[in-house]
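Beneath this line is the structure, given in structure tokens, with notes to follow.
Each reported figure results from applying straightforward, stated rules to the coordinates on display, with no laboratory input. Please read all numbers here as calculations on a predicted model, not as lab measurements. Cβ coordinates were reconstructed from backbone atoms using ideal geometry, including for glycine residues, and neighbour counts include every protein chain displayed.
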Amino acid sequence: MARTQSLAQRDPNATRRVCRCALLAALAVAVAAAEALVPMPAPIPGMKLGLANTVTVIAAFWLGPAEATVVLAVRILLCAVLAGQLAALPFSLVGGVCALAVTLAFVHLNARGKVRLCCMAAAVAHNCGQIAMAAILTATPQIALHLPILLVVGTATGYATGTLAATVLERLPHLLASATNRIDCPNAESSPGGTASEQHGAGACAPHPDRSTPSAERPHHA
């Protein structure tokens, strides 16, 4: 009887991708918890910068749609449970799903150079989804009067979070390459006498063929 191949055997990068997804999910929860501790003076209750959404955008462009969905779901569910705000769960879910749909549309179009525009559009979609859910659950369509303010604020905060996400995505390949070199070549921190390659010979610390940069590792979802 043929043995069933494990996920790691079918996809050598599977373990690494799962670990990165888990790290991003934990980071999103931590950022959301920290953001909730800092009160933001705003004319409408519940308004915030949405820094945790930056992690979802990074996951979408770096790892892919499935990982971004997991990061978003874990962040929303854990934050609602830990903060004891289960009543706000429908609003967060609807707003998050709307923002994720816009983000994945940009990923599908391979618009990696338009991360700021993606975050701005996602913030607007998030606000529209939350307002629609609030109007439905409370049966008060007048809540939609807050939408113009939310759209202006969402566009501004989306630009700010988009700038942060674009900066992180731009630096990720260099950070990962540097970390990989330290793992593959412990003597990379060379002495003043020369670099590691000079001390150990050319090709002594060649990158492992399995350890590719995020752009090569991220699947295309055309």
note = Of 83-89, 152-158, 21-27, ordering from highest average Cβ density within 10 Å down gives 152-158, 21-27, 83-89
Rounded to whole Hz, the Karplus (6.51, -1.76, 1.60) HN-Hα couplings of region 86-100, x for glycine and proline = 5, 5, 8, 4, x, 5, 5, 5, 5, x, x, 5, 5, 5, 5
inquiry  = Please list, in order along region 66-72, the HN-Hα scalar couplings obtained from phi with the Karplus expression 6.51 cos²θ - 1.76 cosθ + 1.60 (θ = phi - 60°), rounded to whole Hz, x for Gly and Pro.
reply    = 4, 5, 5, 5, 5, 4, 5
ask   = Using the Karplus equation 6.51 cos²θ - 1.76 cosθ + 1.60 (θ = phi - 60°), what ³J(HN,Hα) coupling, rounded to whole Hz, does each residue of region 137-142 give in order, writing x for Gly and Pro?
value = 5, 9, 6, 10, x, 4
key: Ranked by how many other beta carbons lie within 10 Å on average, peptides 96-106, 56-66 from highest   = 56-66, 96-106
key: Volume per residue that the Cα convex hull of region 45-114 spans, once the total is divided by residue count, Å³   = 87 Å³
